[in-house]
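The values are calculated or read from the model by the stated rules, or taken from the named source; none is laboratory data. Note that the structure is a prediction, hence the values are computed from the model and not measured. Glycine also receives a Cβ, built like all others from the backbone with ideal geometry; neighbour counts cover every protein chain displayed. Heads up: the accessible areas ignore ligands, DNA and RNA and are worked out on the full protein's heavy atoms, side chains in. Shrake-Rupley method; radii C 1.70, N 1.55, O 1.52, S 1.80 Å.
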Amino acid sequence: MNKFILAWAKDREIRKRGQCGGFVTAILKFMLEENIVDYALLVKKGSNLEYSIFLTSNPEDVVDCAGSVLWATPNIAKFIAEYLDTNEYKIAAVCRPCDARAIVELAKMNQINIKNVFMIGLNCSGTFLPATLERMFETLNIRVEDVEKVGIKKDRFVVFLKDGKVETFPLEDLEKSGLGRRENCRRCEVKIPRMCDLACGKWGVIEGKKTFVEICSDRGEIIVKKAVESGVVEFEYASDENVKIRDELENFALKMSEKWQDYYFGQMSSMSYEERRNYWFGMFERCIKCYACRDVCAVCYCNDCILNPWRLLVKGGEIPPSFSFHITRAVHIAQSCVNCGQCQDVCPVEIPLSRIAHKLNKTVQEIWGYIPGIRLDEKQPLSRAENDI
Amino acid sequence: MIEGQEEGKMEEWEPNIIVIACNWCTYQAADLAGSLRYSYPPTVKIVRVPCSGRVEPEFIIEALINGADGVLIGGCHPGDCHYKNGNYKALKRFELLKSVIEEFGIEPERVRLEWISGSEGLKFAEVMKEFNDTIRKLGPNPLKWKEINSV
Ligand code: SF4
Ligand code: SF4
Ligand code: SF4
Ligand code: FES
């Protein structure tokens with residue numbers, strides 16, 4: 001089978017409800033029906049700007065979760081590692097590139113049994129915080145109740161209204177005024193999740209409701225073949241034109257990220273040592289030691305974290321905590337940080353935590369050439385002890 | 001105000017240097033330097049660890065935050081670690097730690113890693129002198145958590 005296909009659900013209802021022809025929905029439903037996996041892990045849209053992580057073994061439920069929700073930023077990898085036993089049962093998870101990368105990192109650290117996690121990846125141009133979206137709608141004079149869904153098309157923010165109208169706005173202008181995508185998404189450097197079994201998206205589709213699927217693993221190919229044989233999914237091979245368009249869109253998104261990286265990281269690098277201290281330690285003095293940044297971190301997992309008070313590095317009852325708290329955490333996550341932005345999202349005092357974590361990870365990439373969450377068989381630099389002096 | 005930064009007090013400031021030394025090499029070298037009468041600055045305080053691979057980044061961070069002006073880790077030469085690869089691990093962590101503290105605005109020259117074997121008493125004394133000079137030039141560590149916290 002060719003690596004690149006355009007596929008869609010055969011079932012008319014799924015095709016209608018799913019985004020891009022309902023391929024992802026059809027595959028998930030198929031995997032549950034055939035007992036290839038025990039559970040599917042999805043995101044379910046709530047009313048207005050709500051969403052929830054949804055775990056189900058019922059194939060019918062999958063259809064209700066069709067369509068991607070751009071204001072959903074679930075911590076899929078953490079959810080799996082924390083609440084699911086991947087040694088006991090098999091799951092299929094729908095993930096964005098950062099989720100998938102975190103799953104791969106956690107698998108390397110033996111926190112997830114990736115053999116039992118089938119990853120269906122979605123291409124991603126970025127996500128929004130619900131609170132920011134609300135403010136965006138306010139400035140754009142759109143009522144939240146009227147919104148069906150939102151999207152990103154190249155450099156435009158697209159709002160699909162319930163009455164069928166579509167409005168678009170320049171994303172860059174919104175972002176320069178402090179709105180727009182989450183900060184980590186702006187800097188994100190993986191747009192197509194090729195570490196998944198299947199990488200799906202609309203990039204590269206020229207016309208019609210279809211999903212461009214890149215088959216990235218052997219088991220991914222087997223599943224697609226089976227689904228086609230059972231008549232659940234239909235497909236055609238992607239043409240060179242399809243592939244070219246997809247490459248162009250990916251590169252466009254990567255260029256945008258590069259610009260944002262230059263902006264944020266350039267600012268940080270141009271600060272003098274004194275300015276850096278004033279900036280970061282000024283920030284850290286606001287910390288209320290809620291431990292949320294540690295608890296949500298997609299790549300933190302230690303059972304007895306060194307930051308726990310009984311480990312004596314961080315004194316119990318002291319607020320703000322000693323700067324050791326932040327510097328230690330920074331050292332610990334630097335090699336594996338996948339820039340998922342969860343730490344920054346949860347910080348109640350709004351410290352730009354993912355900015356420093358991502359920048360430090362860039363340093364790791366420079367020193368050891370290691371990019372986290374890309375290849376399962378590539379060991380993390382600090383876990384390698386061979387002599388490469 | 002951090003001690004030593006006040007006007008006129010500069011001369012009184014003495015660097016506070018912590019050396020985290022592997023028991024099998026750098027610690028022995030310090031001993032040797034002593035018995036061979038190679039003098040090294042009295043500002044140096046030695047902490048003994050079983051191997052440089054025992055040095056977690058937290059050790060260095062804690063030292064810096066609690067008032068050390070410089071931290072030096074001493075380990076066995078590559079290939080000579082008694083636990084096979086502790087010093088390679090130390091080197092990796094050290095490289096990372098250096099970039100991290102630099103990002104937060106602490107001069108990376110305040111931390112140093114050296115391979116000093118048990119027979120290199122002279123090297124030990126020289127490295128300490130050199131490091132002491134470096135730290136003296138850099139001045140007091142601008143980051144002393146306790147004092148910041150008590151303001
Ligand atoms: S440090 Fe922050 S951005 Fe990096 S993996 Fe952890 S939660 Fe995600
Ligand atoms: S902060 Fe460090 S010790 Fe704590 S959970 Fe994260 S990696 Fe583990
Ligand atoms: S989330 Fe923010 S306030 Fe809470 S411990 Fe982390 S840095 Fe401090
Ligand atoms: S025993 Fe000296 S560095 Fe490992």
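List of remarks:
- Value of D in µm² per second that Stokes-Einstein yields for the stretch A:163-262, Kirkwood Rh from Cα pairs, at 37 °C (0.692 mPa s): 205
- Options A:Asn87, A:Leu360, A:Ala100, ranked by Cα towards positive dipole end of chain A, top entry (Cβ charges): A:Leu360
- Annotation for the stretch B:8-102: trypsin sites (Lys or Arg not before Pro) lying in DSSP loop with at most 14 further Cβ atoms inside 10 Å of their Cβ are B:Lys9, B:Arg37, B:Lys84.
- The simple spin-label model puts a point 7 Å past each Cα toward its Cβ; for B:Glu130 and A:Asn35 those points are separated by 6.9 nm.
- Scattering curve values for the stretch B:57-133, log₁₀ I(q)/I(0), Debye with Cα scatterers, q = 0.12, 0.21, 0.27 Å⁻¹: -0.36, -1.01, -1.28
- Atom-type composition of the exposed protein surface of the stretch A:128-180 places 48 percent of the accessible area on carbon and sulfur (1.4 angstrom probe).
- Across peptide A:246-253, the average count of Cβ atoms from other chains found within 10 Å of a residue's Cβ is 0.
- Chain B shape via C-alpha gyration tensor axes, a/c threshold 1.5: oblate
- Annotation: extensible slack from A:Arg135 through A:Arg384 equals 85.0 nm (criterion: 0.36 nm per residue apart, minus Cα-Cα distance).
- Length released on extending from A:Asp64 to A:Lys259, taking residue separation times 0.36 nm less the Cα-Cα span: 66.5 nm
- Remark: the Cα gyration tensor places the stretch A:128-180 in the oblate category, a/c being 1.5 or greater and a/b not exceeding b/c.
- Between A:Glu318 and A:Asn87, the FRET efficiency from the beta-carbon distance, with R0 = 41 Å, is close to 0.60.
- Chains B and A together, accessible area buried on both sides, 1.4 angstrom probe, square angstrom: 3100
- Among the GluC sites (Glu not before Pro) within the stretch A:1-91, those in coil by DSSP and having at most 16 neighbouring Cβ atoms inside 10 Å are A:Glu34, A:Glu50, A:Glu88.
- A simple spin-label model places the labels of A:Arg286 and A:Arg143 3.5 nm from each other, with each point 7 Å out along Cα-to-Cβ.
- Placing unit charges on the Cβ atoms only, positive for Lys and Arg and negative for Asp and Glu, gives the protein assembly as shown a dipole magnitude near 560 debye about its Cα centre.
- Residues of the stretch B:10-29 with amide N under 17 Å of the 7 Å Cα→Cβ point at B:Leu138: B:13-21
- Spatially, the stretch A:339-389 and the stretch A:230-287 are offset by 14 Å when compared through their Cα centroids.
- Taking 19 Å as the cut-off, the amide N atoms of the stretch B:36-53 that come nearer than this to a point 7 Å along the Cα-to-beta-carbon line of B:Ser119 belong to B:36-38.
- One decimal place: the segment A:Glu13-A:Gln365 gains 122.2 nm when fully extended, by the rule 0.36 nm per residue minus the C-alpha distance.
- Percentage relative contact order, chain A, counting C-alpha pairs under 8 Å, at least six apart: 18
- Accessible area in square angstrom per residue, the protein assembly as shown, 1.4 angstrom probe: 45
- The simple Förster model, with R0 at 56 Å and r as the Cβ-Cβ distance, assigns B:Glu107 and A:Lys3 a FRET efficiency of 0.65.
- Oblate is the label for the stretch A:150-195. Its Cα gyration tensor axes, ordered a ≥ b ≥ c, give a/c of at least 1.5 and b/c at or above a/b.
- Residues in the stretch A:267-292 that, when all protein chains are in place, have 50 Å² or more less accessible area than the chain alone would give (probe 1.4 Å): A:Tyr273, A:Arg276, A:Arg277
- Where labels lie 7 Å past Cα in the beta-carbon direction, separation of A:Asn251 and A:Val166 in nm: 2.5
- A:Cys20 - accessible surface, heavy atoms, 1.4 Å probe, Å² rounded to 10: 30
- DSSP loop GluC sites (Glu not before Pro) with at most 12 other Cβ within 10 Å excluded, longest remaining stretch of chain B: B:8-151
- q = 0.19, 0.20 Å⁻¹: log10 I(q)/I(0) that the Debye formula gives for the stretch A:37-179, counting C-alpha atoms only: -1.10, -1.17
- Loop trypsin sites (Lys or Arg not before Pro), the stretch A:273-305 (other Cβ atoms within 10 Å of the site Cβ: 14 or fewer; DSSP): A:Arg286
- Accessible area ranking (1.4 Å probe, heavy atoms, ligands and nucleic acids excluded), largest first, for A:Ile374, A:Ile80: A:Ile374, A:Ile80.
- Each eigenvalue of the Cα gyration tensor of chain A, multiplied by 5 and square-rooted, gives one semi-axis; in descending order these are 35, 25, 20 Å.
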